[in-house]
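Written below as structure tokens is the structure these notes are about.
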Amino acid sequence: MLKTMKSKPNFVSMDLGTANTLVYITGQGIVYNEPSIVAYKIRENRIIAVGIEAYKMIGKGNKNIKVIRPMVSGVITDIRATEAQLKHIFEKLRLTKILKNSVMLLACPSVITELEKSALKKIAINLGAQEVFIEEEVKMAGLGGGVNIYAPVGNLIIDTGGGTTDIAVVSSGDIVVSKSIKVAGNYLNEECQKFIRSQYGLEIGSKTAESIKINIGSLSRYPDERRMKVYGRDVVSGLPREVEITPEEVREVLKVPVSRIVDLTVQVLEDTPPELAGDIFRNGITICGGGALIRGIDKYFADTLQLPTKIGELPLLAVINGTKKFEAEVWHMIDLSKKRIQLDTII
């Protein structure tokens, strides 16, 4: 009688970022890439929108609708909302069957606690996963950004997302030294909001601030610089008003928080073993994440630290692409685990 071959479990990976949540499935590619936002009705405690649809509601909701980010500054603020968000995503994509007995890899900010990691593993198992692995985003970002993290060579990776900026020296497949700071995309948006309020007496929303950062934000001069019209509410009269801001103004706003990331990078370099520091002097810095898209950020780091600096491949997708490349390593770890169990049984 022929033995039926067991089919290989599905591999599913997720980038649980503060700004966006991304889902990758082997054979299907990236099946989901939307903002990490949930909107629900307060009275019914029922989710009404997730992702882009929920993002559209920011600043435009009412007293019966609450719009939240399940993860803020790399910290899970609402574990129930996180579980509801992920469940909603997979039901929407009709992928609940794929999750059954799957192997799941979660990429998370380095600042999350062991308790939060356990909670995330529990969520993944509740969704149907058989085995769950958790890796730091900065490590996955380096791998997805084009860095050979497995080589016995020091590489400095900066992953600046929505809530946190993680800085790590990676060598021989793992993190040697790392630090994290809650200065990233959302923080930059807040700084733009504060500047517009103090300089022009105009209250603007977070979405408008993000638009300023994306459209005219930079850390060095660039061709065809243009002013941008900004709309908001006058803090004195309370009436709608518009102002024009310049790229130079925004540049000065962004340089202050980015200089804090530079300072933390120096601290990481000070803690780096000498041999690896020598490698970094030759290999330089790789910047990934949404922050890598700020005009001139690579030049700013190169000029400030006197180290070659480059933007990683597809910086917005670096983490999820890293999980894709890490799949082979996950299967290898599972095989090793099975061999150990067999060996213990024999002994």
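Considering only residues of region 225-253 that are of a type in the set (D, E, K, R) and within 14 Å of ILE204 (Cα to Cα), which is nearest to the chain's Cα centre (by Cα)? Give the derivation first.
To start, the set of residues in region 225-253 that are of a type in the set (D, E, K, R) comprises 225-227, 229, 233-234, 241-242, 244, 248-249, 251-252.
Adding the requirement that they be within 14 Å of ILE204 (Cα to Cα) leaves 229, 233-234, 241-242, 244.
Numbers: LYS229: 29, ARG233: 31, ASP234: 34, ARG241: 34, GLU242: 32, GLU244: 31 Å.
By that ranking, first place goes to LYS229.
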Does SER206 qualify as being among the hydroxyl-bearing types (Ser, Thr, Tyr) and without any contact (Cβ under 8 Å) to a residue 12 or more places away in the chain? no
Members of region 239-251 that are within 16 Å of ARG197 (Cβ to Cβ) and either outside the structural domain of LYS207 (by TED's automatic domain parsing) or surrounded by 13 or more Cβ atoms within 10 Å (Cβ to Cβ) (or both): ARG241, VAL243, ILE245, GLU249, VAL250
Scanning for something surrounded by fewer than 13 Cβ atoms within 10 Å (Cβ to Cβ), at pLDDT below 85, over 20 Å from the mean Cα position of the chain (by Cα) and over 27 Å from VAL183 (Cα atoms), does region 63-70 turn up at least one residue? yes
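From LEU127, LEU99, LEU105, grab the single residue that is at pLDDT 85 or above, under 18 Å from the mean Cα position of the chain (by Cα) and either over 22 Å from LYS182 (Cα atoms) or not assigned by TED's automatic domain parsing to the domain that holds THR286 (or both).
Numbers: LEU127 fails: under 18 Å from the mean Cα position of the chain (by Cα); LEU99 fails: under 18 Å from the mean Cα position of the chain (by Cα).
One residue alone meets the criteria, LEU105.
Scanning region 276-300 for residues that are in contact with a strand residue (DSSP E or B) (Cβ under 9 Å, 6 or more places away or on another chain) and farther than 20 Å from VAL258 by Cα, which turns out surrounded by the fewest Cβ atoms within 10 Å (Cβ to Cβ)? Before the answer, list the steps.
Keep residues of region 276-300 that are in contact with a strand residue (DSSP E or B) (Cβ under 9 Å, 6 or more places away or on another chain), which gives 276-277, 279-280, 283-300.
Subset that is farther than 20 Å from VAL258 by Cα: 276-277, 279-280, 283.
On the way: LEU276: 22, ALA277: 15, ASP279: 19, ILE280: 21, ASN283: 19.
Per the criteria, the residue is ALA277.
When residues of region 35-47 are filtered for being surrounded by 17 or more Cβ atoms within 10 Å (Cβ to Cβ) and in a strand (DSSP E or B), how many remain? Please lay out each step first, then the result.
Going through region 35-47, the residues surrounded by 17 or more Cβ atoms within 10 Å (Cβ to Cβ) turn out to be 35-40.
If we keep only those that are in a strand (DSSP E or B) as well, we get 35, 38-40.
Summing the residues that are surrounded by 17 or more Cβ atoms within 10 Å (Cβ to Cβ) and in a strand (DSSP E or B) in region 35-47 gives 4.
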Name the residue that is surrounded by the most Cβ atoms within 10 Å (Cβ to Cβ), counting only residues in region 118-156 that are β-branched (Val, Ile, Thr) and farther than 23 Å from ILE280 by Cα. ILE123
Which of the residues that make up region 1-42 are of a type in the set (D, E, K, R) and either at pLDDT 85 or above or under 21 Å from the mean Cα position of the chain (by Cα) (or both)? ASP15, GLU34, LYS41
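Select from region 249-302 the residues that are among the β-branched types (Val, Ile, Thr) and outside any helix (DSSP H, G or I) and list them in ascending order.
Passing the criteria: THR272, ILE285, THR286, ILE287, ILE294.
Name the single residue, out of those in region 221-238 being touching a strand residue (DSSP E or B) at 6+ places or on another chain (Cβ under 7 Å) and part of a loop (DSSP other than H, G, I, E, B), that is farthest from ARG197 (Cα to Cα).
Residues of region 221-238 touching a strand residue (DSSP E or B) at 6+ places or on another chain (Cβ under 7 Å): 222, 227-235.
Subsequent filtering for residues that are part of a loop (DSSP other than H, G, I, E, B) retains 222, 227, 235.
Details: TYR222: 26, ARG227: 17, VAL235: 8 Å.
The qualifying residue farthest from ARG197 (Cα to Cα) is TYR222.
Pick out the one residue from ASP335, ASP303, ASP271 that is more than 25 Å from GLY162 (Cα to Cα), surrounded by fewer than 14 Cβ atoms within 10 Å (Cβ to Cβ) and free of Cβ contacts under 8 Å to residues at least 12 places away in the same chain. Before the answer, list the steps.
Numbers: ASP303 fails: more than 25 Å from GLY162 (Cα to Cα); ASP271 fails: free of Cβ contacts under 8 Å to residues at least 12 places away in the same chain.
Exactly one of ASP335, ASP303, ASP271 is more than 25 Å from GLY162 (Cα to Cα), surrounded by fewer than 14 Cβ atoms within 10 Å (Cβ to Cβ) and free of Cβ contacts under 8 Å to residues at least 12 places away in the same chain, namely ASP335.
Being outside the structural domain of SER36 (by TED's automatic domain parsing), part of a helix (DSSP H, G or I), surrounded by 18 or more Cβ atoms within 10 Å (Cβ to Cβ) and in contact with an Asp or Glu (Cβ under 9 Å, 6 or more places away or on another chain) narrows it down to one of ILE196, ILE212, so name that one. Let's see the steps before the verdict.
Working: ILE212 fails: in contact with an Asp or Glu (Cβ under 9 Å, 6 or more places away or on another chain).
None of the other options fit; the residue is ILE196.
For region 120-154, name all the residues that are within 16 Å of ASN321 (Cβ to Cβ) and in a strand (DSSP E or B).
Start the filter on region 120-154 by keeping residues that are within 16 Å of ASN321 (Cβ to Cβ), which leaves 135-150.
Passing the criteria: GLU135, GLU136.
The values are calculated or read from the model by the stated rules, or taken from the named source; none is laboratory data. The structure presented is a predicted model; accordingly, all values stated were derived computationally and were not measured. No Cβ is skipped: glycine too gets one built from the backbone with ideal geometry, and neighbour counts run over all protein chains shown.
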